[in-house]
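The values are calculated or read from the model by the stated rules, or taken from the named source; none is laboratory data. What you are looking at is a predicted structure, and each value in this text was computed from that prediction instead of being measured. Counting neighbours? That spans all protein chains shown, and the Cβs are built from the backbone with ideal geometry, glycine included.
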2 protein chains.
Amino acid sequence: MSSKTDKDTIYKPRPISGFLEWLPEVRLVEQGWLDDIRSAFESYGFCSIETPSVEEVDVLSAKGGDADKEIYGLRRLAAEPGEDDGGRLALHYDLTVPMARYVAQHFGDLVFPFKRYQMQRCWRGERPQDGRLREFYQCDIDVVDMDEVSLIFDAELPAMTLDVLSRLPIGPVRLHISNRKILQGFYEGLGVQDIVGAIRIADKMDKIGEDGVFKALVEDLKMDTIAARKCVDLAKIKTDDTSFMEQVRAFGIDNTVLEAGLEELAFVMLELGHVEKGLVVADLSIARGFDYYTGTVYEAKLVDYPDFPSVCAGGRYDNLVGSYSHHKLPGVGISIGFSRIFSKLAKEGKLELGAKCPTQVMVACLPGASHADVAATARRLRERGLRVERYHEERSLKAQMKYASRKGIPYVWFPANADQPNHEVKNMTTGEQAAADIDAWTPQG
Amino acid sequence: MSSKTDKDTIYKPRPISGFLEWLPEVRLVEQGWLDDIRSAFESYGFCSIETPSVEEVDVLSAKGGDADKEIYGLRRLAAEPGEDDGGRLALHYDLTVPMARYVAQHFGDLVFPFKRYQMQRCWRGERPQDGRLREFYQCDIDVVDMDEVSLIFDAELPAMTLDVLSRLPIGPVRLHISNRKILQGFYEGLGVQDIVGAIRIADKMDKIGEDGVFKALVEDLKMDTIAARKCVDLAKIKTDDTSFMEQVRAFGIDNTVLEAGLEELAFVMLELGHVEKGLVVADLSIARGFDYYTGTVYEAKLVDYPDFPSVCAGGRYDNLVGSYSHHKLPGVGISIGFSRIFSKLAKEGKLELGAKCPTQVMVACLPGASHADVAATARRLRERGLRVERYHEERSLKAQMKYASRKGIPYVWFPANADQPNHEVKNMTTGEQAAADIDAWTPQG
């Protein structure tokens, strides 16, 4: 750690690994994406909530199954020894746990089914490797209801997610859906003892492959090879309709949990019948690592980047909110890994960058101009709802044009004056300049 | 610190002092305010930037003068002894320092004058007392230029701030402006040795009053009583035009820095001539605590809450960015204490709360309805740009009306069906129900 105590020396800042920061022209695109996502969420009537960036450490660790999460705790740098240093507070690592805590805490003030979206930064104290993000935006939707949450939402949330993502220039997104009960019942039917362990192994199919899963089931879980082979074969089932049911039933495993899972997944697939063919797949390899999922589980991938990890994930949880409340409050949710997607495309140079500012019109201030006229012109255009910069000093036309052009400002306005009784406006794209009525002119396109 | 290790016990969450969290109906209002501020900033062509929530501790401590800021450092809870635990990272406590660091770091990629707005959360590890916020939104605007920044911006920023705040339902806001050079030159002219110390004392006028300031100048700074009296009298000058100049000159102090300060302040006041009378005051009691201000300084207060602390503050700094760069990059900026204002009005019950969700239309699902029809109706209305919730299950009309009414949804839609060949829509405010064309209907108001 370098030190800096002399006010006159210069501390040269450097990027901090895992923390993103964009130039204005990239930020403008990011804002556009976030706006589009928000407006899509709201088009389904979901309400916004925001929770503090911190939770008590006890809240973050209450739900279990996340020993692998790297949590950033806080400490007041100025705390005296023995004083409260903020040590019981930590930055949230996702938006699901804060939402569950929020629902439990504000239970009496919410209308159920509670449908919320939440777009906030999250933090994970990952070791900076493989370009992992330590601060990132997530965009989450969840529905929580009392006692039971309708299976309709298991279909509405992925439909919403696909709708939301179709508004972004990221190419097609394919949603893979399964149901934990299928794995649960299938393993039960096979007589597997450690079902949680088996699900964790199955979840690694992407990373360790078919053979790796087979080996782990046999070696780590002492499963017999016939049963292990069936587990691997189950995970290979992928259909874009409900034909997965027959394929699973062909294994001849009789189990009521398995049957319930098949029925639920079939219901969800049928409800999603309106979605473009091929974008929704019943994919029995999907397991999801978190222990709290109890039914439907989701993952979504960018079709154009098959090797890129999943960009959305989620599922149904029956008991998550129960970590914080005596009420039974099951839910279902999906989280979009916004920064993961955005930074991927930004780094690959796939974003269409435009202007460096939101300005539509720059009001020029030519030598000899009345500053009051320049200011009043800018105010008048602004009153009419336009986004207007006033050039701040008398400088050459060339210097002002260069400024406007470097920032990508589409129009430059020349206020009326003694020599020129009409206002004039120059279109920076076409180069045309013409008289303009300050009370009526509007930008094109 | 309570502990929670058993997954089946309930960890009852409680609010964390100093961290805000709102119910959906309050959050909707907050979002509206934030949207209005953003759109006002953009109407002046300012670009958005966001910086990471953290900076290196060295960056935060580089600018000096903020020993009183309580900084929250990070530490990875899972760090092994000796491992990097994130300890060199800390949450930013304002947006000025991150902006200065950003400008220095991205110098070559920015267009100057660089005009940016930034709306983010900041953190201060305050001891939870007097309702102090430990996490809060600030909304900042700054202009940074190379070598010199035009004095025009010293007037444009407060005009922008007043314009922005006039769009919020917070009553009138009064902006108090002074110039550090006036204090500097006045004290110099009086022969005061410890000018920084004198400015720090003068800044406490609000807290310790006229007598307290007088006493501190005499006792702590060993100023003679005649000089101390003049300092106090200077701070009493408040004019809504440029007449402060004569009042200051009447002290008969001849100093070039003082004169430069008077000229600058007069220029800013004249440039602000278009602002409603009484909302801008040249107020020579304004000093601002930060050492880095070198010229114009601002504070703004809510006229309706005279005892409430200032809600905006800022000023001109010639050397702040220089802490991180060899380039001379002076700037001027104002910060709006968004959460301070919003939480004040929320806690006083002064917010006009409306719906609990953004939904315009709820599509009902009456007993016997075709789910596919309900879903298709919702999709069609959504395609037309409306915000639409689909009621998720067949329940009694009464139950569905109650849900819509509790959430403040203005319209309920009844899809066409075998018994009722027309779509119908009910206005929840008037109670009227009438046939509606799904391809043409629009909500009123």
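Just one residue in the set A:V303, A:V275 is in the same structural domain as A:K328 (by TED's automatic domain parsing), within 18 Å of the chain's Cα centre (by Cα) and over 23 Å from A:D233 (Cβ atoms); that residue is A:V303. Any residue in segment B:291-298 that is of a type in the set (G, A, S), under 23 Å from the mean Cα position of the chain (by Cα), within 22 Å of B:G333 (Cα to Cα) and in the same structural domain as B:L183 (by TED's automatic domain parsing)? Checked segment B:291-298: at least one residue is of a type in the set (G, A, S), under 23 Å from the mean Cα position of the chain (by Cα), within 22 Å of B:G333 (Cα to Cα) and in the same structural domain as B:L183 (by TED's automatic domain parsing).
The set of residues from segment A:98-119 being in a strand (DSSP E or B) and at the interface with another protein chain (Cβ under 9 Å from one of its Cβ atoms) comprises A:F114, A:K115, A:R116. Can we say B:R134 is surrounded by fewer than 20 Cβ atoms within 10 Å (Cβ to Cβ) and either touching a residue at least 40 places away in the same chain (Cβ under 8 Å) or more than 27 Å from the chain's Cα centre (by Cα) (or both)? No, not satisfied. Would you point out the residue of segment A:129-173, among those that are out of contact with any helix residue (DSSP H, G or I) (no Cβ under 9 Å at 6 or more places or on another chain) and of a type in the set (K, R), that is nearest to the other protein chains (Cβ to nearest Cβ)? The residue in question is A:R134.
Looking at segment B:342-362, is at least one residue more than 9 Å from every other protein chain (Cβ to nearest Cβ), surrounded by 17 or more Cβ atoms within 10 Å (Cβ to Cβ), among the hydrophobic types (A, V, I, L, M, F, W, C) and more than 29 Å from A:S48 (Cβ to Cβ)? The answer is no; no qualifying residue exists. The sole residue among B:L258, B:L217, B:L190, B:L183 that is in the same structural domain as B:E299 (by TED's automatic domain parsing), in contact with a Cys (Cβ under 7 Å, 6 or more places away or on another chain) and farther than 25 Å from A:A376 by Cβ is B:L217. When the residues of segment A:296-315 are filtered to those that are assigned to a strand (DSSP E or B) and charged (D, E, K, R), the one that is nearest to A:M269 (Cα to Cα) is A:E299.
Residue-level analysis places A:T242 outside the set of residues that are under 30 Å from B:S370 (Cα atoms) and touching a Lys or Arg at 6+ places or on another chain (Cβ under 6 Å). Filtered by the rule that a residue be assigned to a loop (DSSP other than H, G, I, E, B) and within 18 Å of the chain's Cα centre (by Cα), segment B:122-131 gives B:R124, B:G131. May I ask you to verify whether B:R382 is under 18 Å from B:C357 (Cβ atoms), in contact with a strand residue (DSSP E or B) (Cβ under 6 Å, 6 or more places away or on another chain) and without any contact (Cβ under 8 Å) to a residue 24 or more places away in the chain? The answer is yes for B:R382. With the structure loaded, tell me whether A:T359 is in contact with an Asp or Glu (Cβ under 9 Å, 6 or more places away or on another chain) and modelled with pLDDT of 95 or more or whether it fails that test. Here the answer is yes, as A:T359 does meet what is asked. Scanning segment A:75-97 for residues that are among the basic types (K, R) and either part of a loop (DSSP other than H, G, I, E, B) or on the phi > 0 side of the Ramachandran plot (or both) yields one hit, A:R88.
One line per residue, one yes/no per condition, for (1) more than 9 Å from chain B (Cβ to nearest Cβ); (2) part of a loop (DSSP other than H, G, I, E, B):
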site	(1), (2)
A:H392	no, yes
A:R395	yes, yes
A:Q400	yes, no
A:R406	no, no
A:N417	yes, yes
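State whether one or more residues within segment B:194-213 are buried (at least 19 other Cβ atoms within 10 Å of the Cβ), assigned by TED's automatic domain parsing to the domain that holds B:G261 and more than 15 Å from B:S285 (Cα to Cα). No, that holds for no residue. When segment A:275-329 is filtered for residues that are more than 27 Å from A:E348 (Cβ to Cβ) and free of Cβ contacts under 8 Å to residues at least 12 places away in the same chain, the ones remaining, listed by number, are A:G322, A:H326. Residues that are more than 7 Å from every other protein chain (Cβ to nearest Cβ) and either under 24 Å from the mean Cα position of the chain (by Cα) or crowded, with 24+ Cβ neighbours inside 10 Å (or both) within segment B:68-86 comprise B:D68, B:K69, listed in sequence order. For A:G431, the criteria (1) within 27 Å of B:H274 (Cα to Cα); (2) of a type in the set (G, A, S); (3) in a loop (DSSP other than H, G, I, E, B) hold in every case but one, which is (1).
Within segment A:1-39, track down each residue that is at pLDDT 80 or above, more than 8 Å from chain B (Cβ to nearest Cβ) and assigned to a loop (DSSP other than H, G, I, E, B). Within segment A:1-39, A:S17, A:G18 qualify.
Among the residues of segment A:148-202, just one is at positive phi and out of contact with any Leu (no Cβ under 8 Å at 6 or more places or on another chain), namely A:G191. Every condition in (1) exposed (fewer than 15 other Cβ atoms within 10 Å of the Cβ); (2) modelled with pLDDT of 95 or more; (3) at the interface with another protein chain (Cβ under 9 Å from one of its Cβ atoms) holds for B:R387 except the one numbered (1). Going through (1) hydrophobic (A, V, I, L, M, F, W, C); (2) at pLDDT 95 or above; (3) farther than 30 Å from A:F46 by Cβ one by one, A:L165 falls short only on (3). Sub-6 Å Cβ pairs linking a first residue in segment A:81-109 that is farther than 20 Å from B:A78 by Cβ to a second residue that is among the acidic types (D, E) and surrounded by 19 or more Cβ atoms within 10 Å (Cβ to Cβ), at least 6 apart or interchain, are A:L95/A:D140; A:M99/A:D142, ordered by first then second residue. Scanning segment B:141-167 for residues that are among the hydrophobic types (A, V, I, L, M, F, W, C) and more than 22 Å from the chain's Cα centre (by Cα) returns B:M146, B:V149, B:L151, B:I152. Among the residues of segment A:315-341, those identified as more than 14 Å from chain B (Cβ to nearest Cβ) and either among the aliphatic types (A, V, I, L, M) or on the phi > 0 side of the Ramachandran plot (or both) are A:G315, A:I334, A:I336, A:I341.
Here is a yes/no grid of residues against (1) in contact with a helix residue (DSSP H, G or I) (Cβ under 7 Å, 6 or more places away or on another chain); (2) among the hydroxyl-bearing types (S, T, Y); (3) within 14 Å of B:M362 (Cα to Cα):
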| residue | (1), (2), (3) |
| --- | --- |
| B:T377 | no, yes, yes |
| B:L397 | no, no, yes |
| B:V412 | yes, no, yes |
| B:Q420 | no, no, no |
| B:V425 | no, no, yes |
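Considering (1) more than 9 Å from chain B (Cβ to nearest Cβ); (2) of a type in the set (A, V, I, L, M); (3) in contact with a helix residue (DSSP H, G or I) (Cβ under 9 Å, 6 or more places away or on another chain), the lone condition that A:L89 does not fulfil carries the number (1).
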